[in-house]
Amino acid sequence: MLAAMPAFFFEVHTVKRPVAVLLAALSLAVSLPLLAQSYPAKPVRVLIPWPPGGSNDVVGRIVSQKLSESLGQQFVIENRGGAAGTIGADLVAKSAPDGYTVMIHSATHVANAHLYKKLPYDTLKDFAAVAPLAVQVGMLVVHPSMPVRTVKDLVALAKARPGQVVYASSGNGSYVHLTMALLNSMTGTKMIHVPYKGGGPAGIAIVSGETQAMIATIGALYPHLVAKQVRPIAVTSAGRVKQFPEVPTIAESGVPGYEFTAWVGAFAPAGTPKPIVDRLNAEFQKALRDARVSDLLTKQTLDPMFMSPEQFAARLKSDYDKYAKVVKESGATID
C-alpha cells in the first residue's frame, strides 16, 4: 500500500516538516521578547530562604519594594527559613520556570553544596543566576559583658577557656558559621558553635547574652550596633569599611591573611526564559541605582553589586570552588 502512494505525497511532507520547524522557531523568537516586555503580568513571589531580620531579608525587602513601585506589580516576600537556606532553595528549584518565583539568597547557597552530603537539588544546574544585589562584609562582635576589646583579647580568652566561649550563627554552613569556623582554624581556638534559624534569631541570642561572640554581616548587626547592644571588634574584609572606619580588620588585628566577604543575590528556577532573566537583571540594577535604595543598603554596609547574568553565573562557579577550599580549611561540618 505504501508503494502505491503518489510521489508528491513524500515531496509535500518532506517540505512541510522543515517549514513547520522554521515557523515554530520564528514564532518563539518573536514571542519571547514580547513575553519579557509584558512581564510581569501578575504578582511575583520573592522567596527568601531565611527568617526575617538577617541581611538576606533586609536586601530582599528593600529591593523588592522598589521593583513593586517601578513595575506596577507586587513582588511579595515569603520567608521560608531552615537548614541554612536549603529548604527554601528546594522549593524554588521545583517551582515553574516562568519568572514568577525569584529567590534572594546569599553565598551560603554555594557553601551548602560542600557541607551537606546530599541536597535535593543541584546548586549550579537547578537555578538561573539573575543578579548579585549586595556585598556582605562580616563584623566580629561580642556581648558588652565580655572582657574583650580586640581580636587578640578574644583569642587569648578562648585559649584560656577552651570550649567555654560560645558563638552564634544563622545556621549550619551559613556565612556566619564559616567565618567563625575559619577564625577558629586560623587561631587554634575552640570556640563552640550554636546554630540558630537565621541571622535575626542569632542576633537576639548575642544581645541577650545567650551567646558571647559572633561574626555576622554588618547589615544584620546594624540595629544592634546603633543601639550599642554589641561591641564591635573587627571586620572580615581586606580593608576597613567606610561606615565604621574605627573598626580594624581581623587581618590587621593579629590574624594575617584572614579575609572573608560574601554577597546576596537573586536567582530563578533553571529554564526561566532568558529574556525574563535579562529583564529582571535590568530591573534589579535599576533599583540598586536608585539613590534611596543605594543609601539604605550602603548605610548598612551592603554595598550594591552590578553584574550581568553571565558574569554572576561565572562568579557562582568561582565561589563554588572557593567555598570547597574554605570548608575544608575551616573544618566546618553540619552538626
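The values are calculated or read from the model by the stated rules, or taken from the named source; none is laboratory data. Note that the structure is predicted; figures quoted are calculated from it, not measured. In this analysis, Cβ positions are derived from the backbone assuming ideal geometry, glycine residues included, and neighbour counts consider all displayed protein chains. Side chains are part of the model used for accessible areas, which takes the heavy atoms of the whole protein and leaves out ligands, DNA and RNA. Shrake-Rupley method; radii C 1.70, N 1.55, O 1.52, S 1.80 Å.
Matching residues to (1) modelled with pLDDT under 95; (2) more than 23 Å from the chain's Cα centre (by Cα):
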residue	(1), (2)
Thr187	no, yes
Gly200	yes, no
Val207	no, yes
Gln212	no, yes
Ile218	yes, no
Tyr222	yes, no
Gln229	no, yes
Arg240	no, no
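Residue-wise test of (1) over 13 Å from Phe267 (Cβ atoms); (2) β-branched (Val, Ile, Thr).
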site	(1), (2)
Ala41	yes, no
Arg45	no, no
Arg61	yes, no
Thr86	yes, yes
Tyr100	yes, no
Met103	no, no
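Only one entry of Ala216, Ala262, Ala202 meets the criterion of being part of a helix (DSSP H, G or I) and open to solvent by less than 30 Å² (accessible area, probe 1.4 Å), and that entry is Ala202. Determine which member of the set Gly53, Gly81, Gly85 is assigned to a helix (DSSP H, G or I), closer than 30 Å to Tyr222 by Cβ and modelled with pLDDT of 60 or more. Just a single option satisfies the conditions, and that option is Gly85.
Residues in the stretch 162-189 that are in contact with a Ser or Thr (Cβ under 9 Å, 6 or more places away or on another chain) and either of a type in the set (Asp, Glu) or part of a helix (DSSP H, G or I) (or both): Tyr175, Val176, His177, Leu178, Thr179, Met180, Ala181, Leu182, Leu183, Asn184, Ser185, Met186. You will find that of Val135, Val110, the residue that is over 24 Å from Arg240 (Cβ atoms) and among the β-branched types (Val, Ile, Thr) is Val110 and no other. If I filter the stretch 272-291 for residues that are of a type in the set (A, V, I, L, M, F, W, C), within 29 Å of His193 (Cα to Cα) and open to solvent by less than 30 Å² (accessible area, probe 1.4 Å), do I get at least one hit? No, the stretch 272-291 contains no residue that is of a type in the set (A, V, I, L, M, F, W, C), within 29 Å of His193 (Cα to Cα) and open to solvent by less than 30 Å² (accessible area, probe 1.4 Å). Within the stretch 278-335, how many residues turn out to be in contact with a helix residue (DSSP H, G or I) (Cβ under 7 Å, 6 or more places away or on another chain) and aliphatic (A, V, I, L, M)? So the count comes out to 13. The sole residue among Val46, Val21, Val15, Val58 that is assigned to a helix (DSSP H, G or I) and modelled with pLDDT of 60 or more is Val58.
Out of Gly99, Gly60, Gly81, report the one residue that is open to solvent by 10 Å² or more (accessible area, probe 1.4 Å) and among the small types (Gly, Ala, Ser). From the options Gly99, Gly60, Gly81, the qualifying one is Gly81. Set side by side, the residues Thr272, Thr333, Thr249 differ, and just one is at pLDDT below 95 and among the polar types (S, T, N, Q), which is Thr333.
Taking every residue in the stretch 200-213 that is on the phi < 0 side of the Ramachandran plot and pairing it with any residue that is aromatic (Phe, Trp, Tyr) and not in a loop (DSSP other than H, G, I, E, B), at least 6 positions away or on another chain, the pairs with Cβ-Cβ distances below 9 Å are Ile206/Tyr167; Thr211/Tyr167; Gln212/Tyr167; Ala213/Tyr167. Among the residues in the stretch 111-121, are any buried (at least 20 other Cβ atoms within 10 Å of the Cβ), among the aliphatic types (A, V, I, L, M), in contact (Cβ under 8 Å) with a residue 12 or more places away in the chain and under 30 Å from Asp295 (Cα atoms)? Among the residues of the stretch 111-121, at least one is buried (at least 20 other Cβ atoms within 10 Å of the Cβ), among the aliphatic types (A, V, I, L, M), in contact (Cβ under 8 Å) with a residue 12 or more places away in the chain and under 30 Å from Asp295 (Cα atoms), which makes the answer yes. Evaluating Phe267 against the criteria (1) part of a loop (DSSP other than H, G, I, E, B); (2) within 24 Å of Ala216 (Cβ to Cβ); (3) open to solvent by less than 40 Å² (accessible area, probe 1.4 Å) leaves one unmet condition, (1). Scanning the stretch 147-169 for residues that are open to solvent by 10 Å² or more (accessible area, probe 1.4 Å) and of a type in the set (Gly, Ala, Ser), we see that the one that is nearest to Ser253 (Cα to Cα) is Ala156.
Which count do you get for residues in the stretch 274-292 that are touching a strand residue (DSSP E or B) at 6+ places or on another chain (Cβ under 8 Å), in contact (Cβ under 8 Å) with a residue 40 or more places away in the chain and farther than 20 Å from Pro43 by Cβ? Final tally of qualifying residues: 2.
Screening Gln136 with (1) at pLDDT 95 or above; (2) surrounded by 23 or more Cβ atoms within 10 Å (Cβ to Cβ); (3) under 26 Å from Pro223 (Cα atoms) gives one miss only, at (1).
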